Amino acid sequence: MKYDNTLPITERHKHGDQSSLVDRLWIEGKYLPQLSGEVLYVGVNYYTDFYHELVKDPSLFTTVDMDVKVAKYGSPYNHYVDNIEDFLEYADQYNHISVFGLFGCGHSVIKDRKVILGILNKCYDHVKDGGTIHFGTSTDILSVEDSMDMVRSSNLKDAKILSSFTCKPSQIHSEVFMFWGAKNAT
Ligand SMILES: C[S@@+](CC[C@H](N)C(=O)[O-])C[C@H]1O[C@@H](n2cnc3c(N)ncnc32)[C@H](O)[C@@H]1O
């Protein structure tokens, strides 16, 4: 089914199993449609394969994921198979960076708080002034307080909060922590 973004968000379900979840409704209905310019979306899967269609300029939507098996779900315009830390060593700055769904799950590759903080700081450095950063965690193995503390302990603390909330996507999901902030907003 082609994703039709003229429909109300509740009727857009491209991947009904994921797209009806509260966190996805926010990402797909509120966050991505507001992004213009160059976007870096870290981490992909089958339920993110249409995300380039939701931003203002799909051709400027870049994805990166270290797992080659999910490369087919990356942006058709720009996708890199790399660890985000290594990728940022050679990447330019972006107007918007999203780091959502990488941390806090039982199966998350990176669990070390210092490493997560390092990634957040590096991502924030790569956001252009006036741009935004989106950070979101699952709270299977991180608490909501842990996640908030990472924002407070990283350079994201300097961002102007555009949105910050927790939600429980479904009965079987643990809570999700979301943070969206603007860098040096005027
Ligand atoms: C839950 S999935 C999809 C996350 C996606 N951003 C979303 O909207 O749900 C997490 C993905 O992040 C990737 N990932 C985890 N740590 C990463 C890292 N340090 N660099 C690049 N990709 C990473 C994994 O390979 C996996 O495909």
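Worth pointing out:
- Filter result (assigned to a loop (DSSP other than H, G, I, E, B) and more than 10 Å from the ligand (Cβ to nearest atom)) within the stretch 83-103: Ala91, Asp92, Gln93
- Pairs with Cβ under 9 Å, 6+ apart, first in the stretch 29-46 and at pLDDT below 95, second in a helix (DSSP H, G or I) and more than 14 Å from the ligand (Cβ to nearest atom): Gly29/Ile9; Gly29/Thr10; Lys30/Ile9
- Some residue of the stretch 113-134 being within 13 Å of the ligand (Cβ to nearest atom), assigned to a strand (DSSP E or B) and modelled with pLDDT of 95 or more: yes
- Residues (under 18 Å from Cys105 (Cβ atoms), surrounded by fewer than 18 Cβ atoms within 10 Å (Cβ to Cβ) and among the β-branched types (Val, Ile, Thr)) located in the stretch 140-184: Ile141, Val144, Thr166, Ile172
- Condition check for Thr6: polar (S, T, N, Q), farther than 18 Å from Trp180 by Cα, at pLDDT below 95 and in a loop (DSSP other than H, G, I, E, B): yes
- Selection within the stretch 89-101 - surrounded by fewer than 21 Cβ atoms within 10 Å (Cβ to Cβ) and farther than 17 Å from Leu54 by Cβ: Glu89, Tyr90, Ala91, Asp92, Gln93
- Looking at Asp149, Asp112, Asp125, Asp129, just one residue is closer than 20 Å to Val64 by Cα and out of contact with any Ser or Thr (no Cβ under 8 Å at 6 or more places or on another chain), and that residue is Asp125.
Okay, residues lined up against (1) in contact with an Asp or Glu (Cβ under 7 Å, 6 or more places away or on another chain); (2) among the small types (Gly, Ala, Ser); (3) more than 7 Å from the ligand (Cβ to nearest atom):
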residue: Ser36; (1), (2), (3): yes, yes, yes
residue: Val44; (1), (2), (3): yes, no, no
residue: Leu54; (1), (2), (3): yes, no, yes
residue: Leu60; (1), (2), (3): yes, no, yes
residue: Val68; (1), (2), (3): no, no, yes
residue: Gly74; (1), (2), (3): yes, yes, yes
residue: Asn78; (1), (2), (3): no, no, yes
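- Look at the stretch 65-84: where a residue is surrounded by 13 or more Cβ atoms within 10 Å (Cβ to Cβ) and a partner is outside any loop (DSSP other than H, G, I, E, B) and of a type in the set (S, T, N, Q), sitting 6+ places away or on another chain with Cβ atoms under 7 Å, you get Tyr73/Thr48; Gly74/Thr63; Ser75/Thr62; Ser75/Thr63; Tyr77/Ser59; Asn78/Thr62; His79/Thr63.
The values are calculated or read from the model by the stated rules, or taken from the named source; none is laboratory data. Please read all numbers here as calculations on a predicted model, not as lab measurements. Glycine gets a Cβ as well: all are built from the backbone with ideal geometry, and neighbour counts include every protein chain shown.
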